[in-house]
Amino acid sequence: MRSYGQFCSVARALDVIGDRWTLLIVRELLLRGACRYTDLKNGLPGIASNLLADRIRELEAAGLVVREEAPPPVATTLVRLTEAGAELDPVVRALSAWGIRLMAEPIGEDAFRTQWFTYPVEEFLRDRDPDGPAASIELRALGGTAVIEVAGGAVRVSQGPAAAADLILAGSAQLILGLLTGQLSAAAAAGRGLEISGDDQLLRRVLPDAAPDLAGTPGG
């Protein structure tokens with residue numbers, strides 16, 4: 001691990017977490033909790049196995065992750081964040097919020113995983129009708145699914161299909177994120193190919209103020 005050699009808390013922090021891939025490993029462990037090595041690698045497309053192993057060892061040495069044996073029937077080694085590692089959550093959330101401005105470019109060949117919807121959804125969406133009925137929005141992108149659960153004033157994201165989604169957004173991750181972060185109206189996103197099916201009025205309940213132009217959307 002290289003050091004900046006500066007007596008500064010920012011520099012000292014970057015000595016520990018500033019190497020390539022390190023914060024993305026932390027991101028995956030924050031989003032998914034304790035992970036098997038193979039699951040962690042699947043959430044980090046493009047990383048070499050030996051580099052992932054090196055970064056885990058460095059994080060372990062820095063006291064940010066630990067390895068532990070999972071109980072039966074899993075019977076495998078899991079990697080999880082320590083308390084100090086989990087304290088990086090607001091750092092990763094701040095980077096996610098700042099980075100939304102860089103997401104306007106087409107996704108191209110970039111990889112995408114549906115757990116990456118979590119931070120933008122929790123940053124930008126709000127339940128504007130906390131007394132309303134619980135509802136769910138299923139997100140479908142690149143063969144994966146995630147679910148936005150809206151209930152009691154809270155908005156949360158889980159992985160996998162919804163049992164009975166009230167609204168489904170299906171299309172490219174770029175269009176879904178554009179809609180959810182207020183960069184595209186529902187009409188504009190639908191016009192570019194986003195499929196919106198179900199109760200599209202649910203968008204009014206959760207979207208940022210600038211986004212919910214529902215005129216001309218399917219079912220609107």
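The values are calculated or read from the model by the stated rules, or taken from the named source; none is laboratory data. All values derive from a computational prediction rather than experimental measurement. FYI the Cβ positions are ideal-geometry reconstructions off the backbone, even for glycines, and counts take in every protein chain you see. For the accessible areas, the whole protein counts, side chains as well, though only heavy atoms, and no ligand, DNA or RNA atoms are used. Shrake-Rupley method; radii C 1.70, N 1.55, O 1.52, S 1.80 Å.
Checking ILE176 against (1) surrounded by fewer than 17 Cβ atoms within 10 Å (Cβ to Cβ); (2) outside any strand (DSSP E or B); (3) modelled with pLDDT of 95 or more, which test does it fail?
Every listed condition holds for ILE176 apart from (1).
Any chance region 183-199 includes a residue that's touching a strand residue (DSSP E or B) at 6+ places or on another chain (Cβ under 6 Å), within 27 Å of LYS41 (Cβ to Cβ) and modelled with pLDDT of 95 or more?
No, that holds for no residue.
Give the residue, chosen from VAL92, VAL66, that is in contact with a helix residue (DSSP H, G or I) (Cβ under 6 Å, 6 or more places away or on another chain), at pLDDT 95 or above and outside any loop (DSSP other than H, G, I, E, B).
From the options VAL92, VAL66, the qualifying one is VAL92.
Can you tell me which residue among ILE148, ILE168 is in contact (Cβ under 8 Å) with a residue 40 or more places away in the chain and surrounded by 16 or more Cβ atoms within 10 Å (Cβ to Cβ)?
When all the criteria are applied, what remains is ILE148.
When region 185-207 is examined, which residues are found to be open to solvent by 20 Å² or more (accessible area, probe 1.4 Å) and within 23 Å of PRO106 (Cβ to Cβ)?
Selection gives SER185, ALA187, ALA188, ALA190, GLY191, ARG192, GLY193, GLU195.
Is it the case that ARG156 is open to solvent by 40 Å² or more (accessible area, probe 1.4 Å), modelled with pLDDT of 95 or more and in contact with a Gly (Cβ under 8 Å, 6 or more places away or on another chain)?
When the stated conditions are applied, ARG156 does not pass them.
How many residues are closer than 26 Å to VAL91 by Cα and not in a strand (DSSP E or B) when one looks only at region 129-157?
1
Let me spell it out: the conditions are (1) open to solvent by 40 Å² or more (accessible area, probe 1.4 Å); (2) of a type in the set (A, V, I, L, M); (3) under 30 Å from LEU179 (Cβ atoms), and ALA75 meets all of them except one. Which number is the exception?
(3)
Quick one: in region 59-72, of everything that is farther than 16 Å from GLY33 by Cβ and aliphatic (A, V, I, L, M), which residue is least open to solvent (accessible area, probe 1.4 Å)?
Here the residue is ALA62.
Any idea which of ILE25, ILE56, ILE47 is in a loop (DSSP other than H, G, I, E, B) and surrounded by 14 or more Cβ atoms within 10 Å (Cβ to Cβ)?
Working: ILE25 fails: in a loop (DSSP other than H, G, I, E, B); ILE56 fails: in a loop (DSSP other than H, G, I, E, B).
Result: ILE47 is the single residue among ILE25, ILE56, ILE47 that is in a loop (DSSP other than H, G, I, E, B) and surrounded by 14 or more Cβ atoms within 10 Å (Cβ to Cβ).
Within region 4-16, can one find any residue that is β-branched (Val, Ile, Thr), part of a helix (DSSP H, G or I) and open to solvent by less than 40 Å² (accessible area, probe 1.4 Å)?
No, because not a single residue in region 4-16 is β-branched (Val, Ile, Thr), part of a helix (DSSP H, G or I) and open to solvent by less than 40 Å² (accessible area, probe 1.4 Å).
Considering each of ARG93, ARG80, ARG101, ARG126 in turn, give the residue that is in contact (Cβ under 8 Å) with a residue 40 or more places away in the chain and within 17 Å of the chain's Cα centre (by Cα).
None of the others qualify; the one that does is ARG126.
State all residues of region 118-128 that are open to solvent by 70 Å² or more (accessible area, probe 1.4 Å) and either among the small types (Gly, Ala, Ser) or not in a loop (DSSP other than H, G, I, E, B) (or both); if no residue qualifies, say none.
Across region 118-128, the qualifying residue is only GLU123.
Name every residue in region 106-117 that is touching a residue at least 60 places away in the same chain (Cβ under 8 Å), assigned to a loop (DSSP other than H, G, I, E, B) and of a type outside the set (Val, Ile, Thr), in order of residue number.
If the condition is that a residue be touching a residue at least 60 places away in the same chain (Cβ under 8 Å), assigned to a loop (DSSP other than H, G, I, E, B) and of a type outside the set (Val, Ile, Thr), then PRO106, ALA111, PHE112, ARG113 are the ones that fit.
I need a count of the residues in region 136-145 that are surrounded by fewer than 18 Cβ atoms within 10 Å (Cβ to Cβ) and either over 15 Å from the mean Cα position of the chain (by Cα) or among the acidic types (Asp, Glu) (or both).
1
Please find, among PRO161, PRO133, PRO90, PRO106, the residue that is open to solvent by 60 Å² or more (accessible area, probe 1.4 Å) and within 28 Å of ILE56 (Cβ to Cβ).
Values: PRO161 fails: within 28 Å of ILE56 (Cβ to Cβ); PRO133 fails: within 28 Å of ILE56 (Cβ to Cβ); PRO106 fails: within 28 Å of ILE56 (Cβ to Cβ).
Result of the check over PRO161, PRO133, PRO90, PRO106: PRO90.
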